[in-house]
Amino acid sequence: PPAAAAQSISRDAVCSLICSTPATLVLLSAPAGFGKTTSMSQAYRELKAKQSAVAWLTLDPADNDLGRMGMYVVAALRSIFAELSIDPGELDALRGDFSAANSRVCRLLDEMPLLSTPFVLFLDEFEHITDPEALAFLDRLMAALDTGQRLVIGSRRNTNRHLGRLRVQGRLIELGIEALRFSEAETRQFVNVRMQSEIADTELHHLHGHTEGWPAALQL
């Protein structure tokens, strides 16, 4: 994950939810500047400090391919589960070859039920993943997760995944714009930290209302 910023605001409520929920999927979906990466990285560090099994992937447009993305997911999970038999290098050689890459990835999905250790895999900047084969793989991976195993996904747009079943089963937590907005207390903390000065309650209320809790607007 990105290095912790020296003056980052603690997103305690969001971080606590990510760390404590029993849900299979935590989805943070909001436009740029709402602190998705900051919240996720704080949760990652909190879990790691508690000796939890965690892994992090920041995705980019080049990962919009089953072979390449599958390679990184396998490598991330092998950092937690050394007993996984599949070699990430096998997938790297199969980029663009959907059928061959899918057969290798299926080995990972076949092995997932044998791995009962809880873990959290963070996938940031998920908006870059639009390839149907890659998305189908992630759907199957979510279906294979055991109790205590979950994905935390950050995306600038709706993922358009088939999440209805997870919602009905209570296995999905969705954090959108409303959940990610700064509270007035966080707005005050931001001003105090960045400007190193206090702010009157009336001014704080006006500033918070004018920026609508959007962290990027406060920064600007």
Checklist outcome for this item: Heads up, the helices (runs of 4 or more DSSP H) in the range 10-89 (entirely inside) with at least 1 residues that are polar (S, T, N, Q) and surrounded by fewer than 21 Cβ atoms within 10 Å (Cβ to Cβ) are 12-20, 36-49
Checklist outcome for this item: Checked the range 158-196 for anything modelled with pLDDT under 85 and over 16 Å from Leu25 (Cβ atoms); matches are Val193, Arg194, Met195, Gln196
Next on the checklist: Where the second residue is of a type in the set (Gly, Ala, Ser) and the first is closer than 20 Å to Thr117 by Cα and lies in the range 7-23, which pairs have Cβ atoms under 8 Å and are six or more apart or on separate chains?
Outcome noted: Ile18/Ser39; Ile18/Ala43; Cys19/Ala43; Pro22/Gly148; Ala23/Gly170
Item to check | Of all residues making up the range 182-220, the number that are more than 16 Å from Gln7 (Cα to Cα), among the aliphatic types (A, V, I, L, M) and within 25 Å of the chain's Cα centre (by Cα) | outcome: 1
Checklist entry - Looking only at the range 170-220, which residues are among the hydroxyl-bearing types (Ser, Thr, Tyr) and surrounded by 13 or more Cβ atoms within 10 Å (Cβ to Cβ)? => result Ser183, Thr187, Thr211
Checklist entry - Say we look at the range 140-164 and pick out the residues that are touching a Leu at 6+ places or on another chain (Cβ under 9 Å), charged (D, E, K, R) and outside any strand (DSSP E or B); which of these is farthest from Gly67 (Cα to Cα)? => result Asp146
Checklist entry - Name the residues in the range 107-122 that are under 19 Å from the mean Cα position of the chain (by Cα) and within 10 Å of Ser85 (Cβ to Cβ), would you? => result none
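The values are calculated or read from the model by the stated rules, or taken from the named source; none is laboratory data. None of these values were measured; they are calculated from a predicted model. Please note: Cβ atoms are built from the backbone with ideal geometry, for glycine as well, and neighbour counts cover all protein chains shown.
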